[in-house]
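Have a look at the structure below, then the notes.
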Amino acid sequence: FLRPHTEEVMHILHKMHEVVIITARNEKDLPLNSNRNMEEITKTWLKDNNINYDHLVFSEIDKTQVILDYKIDLMIEDNPIFLLDAAESNVKLLCFDASYNNYLQHPNIIHICSWYDLLYNICNWSRKDDI
């Protein structure tokens, strides 16, 4: 499902920044009896939902190498396993608050509640400063 205002805010972000979507989805996550692969399904879903991006990267659960390869300095994430690993790096993390991750506390993790909250944090963040 899409959170309210996803399409609108992603459009704004795409105009302002390079957007790299990193997903850990793989062929194990395919629906039963699917005749398409996960890359096709993901690209179709993004297109159908008008999500603009520059790069789509399929990765393992640990996305650290992709962060380094693309020189990502700010990331939107909700997976608590990855958040804890990435929090120790220099990447700033905006975490969509959910029952499965709201216990996480770290100086590099900022919990957000909406796409507009996310946009506000990005627009008011300087790479020289913490979020």
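The values are calculated or read from the model by the stated rules, or taken from the named source; none is laboratory data. Model, not experiment: these values are computed from the prediction. We place every Cβ from the backbone using ideal geometry, glycine too, and count neighbours over all the protein chains shown. Keep in mind that these areas ignore ligands, DNA and RNA; they rest on the heavy atoms of the full protein, side chains included. Shrake-Rupley method; radii C 1.70, N 1.55, O 1.52, S 1.80 Å.
Test each condition in (1) open to solvent by 60 Å² or more (accessible area, probe 1.4 Å); (2) over 18 Å from L2 (Cα atoms); (3) part of a loop (DSSP other than H, G, I, E, B) for Y53 and report the one that comes out false.
The one condition Y53 does not meet is (2).
Please determine whether any residue of segment 111-128 is assigned to a strand (DSSP E or B), of a type outside the set (G, A, S) and modelled with pLDDT of 85 or more.
So far as segment 111-128 goes, yes, one or more of its residues are assigned to a strand (DSSP E or B), of a type outside the set (G, A, S) and modelled with pLDDT of 85 or more.
Does E27 count as among the charged types (D, E, K, R), touching a helix residue (DSSP H, G or I) at 6+ places or on another chain (Cβ under 7 Å) and open to solvent by less than 50 Å² (accessible area, probe 1.4 Å)?
For E27, the condition - among the charged types (D, E, K, R), touching a helix residue (DSSP H, G or I) at 6+ places or on another chain (Cβ under 7 Å) and open to solvent by less than 50 Å² (accessible area, probe 1.4 Å) - is not met.
When the residues of segment 76-111 are narrowed to those that are within 22 Å of R25 (Cβ to Cβ) and of a type in the set (V, I, T), which ends up most open to solvent (accessible area, probe 1.4 Å)?
Residue satisfying both the conditions and the ranking: I81.
Determine the pairs where a residue that is farther than 20 Å from R25 by Cα, located within segment 58-75, has a partner that is charged (D, E, K, R) and not in a loop (DSSP other than H, G, I, E, B) with Cβ atoms under 6 Å apart, the partner being 6 or more residues away or on another chain.
Matching pairs, first to second residue: L74/K92.
Pick out the one residue from D62, D73 that is closer than 18 Å to C123 by Cβ, at pLDDT below 90 and either surrounded by 13 or more Cβ atoms within 10 Å (Cβ to Cβ) or under 13 Å from the mean Cα position of the chain (by Cα) (or both).
Criteria check complete, one pass: D73.
Could you say which residue among E60, E40 is more than 18 Å from H111 (Cα to Cα), assigned to a loop (DSSP other than H, G, I, E, B), out of contact with any Gly (no Cβ under 8 Å at 6 or more places or on another chain) and not hydroxyl-bearing (S, T, Y)? Steps first, answer last, please.
Numbers: E40 fails: assigned to a loop (DSSP other than H, G, I, E, B).
Criteria check complete, one pass: E60.
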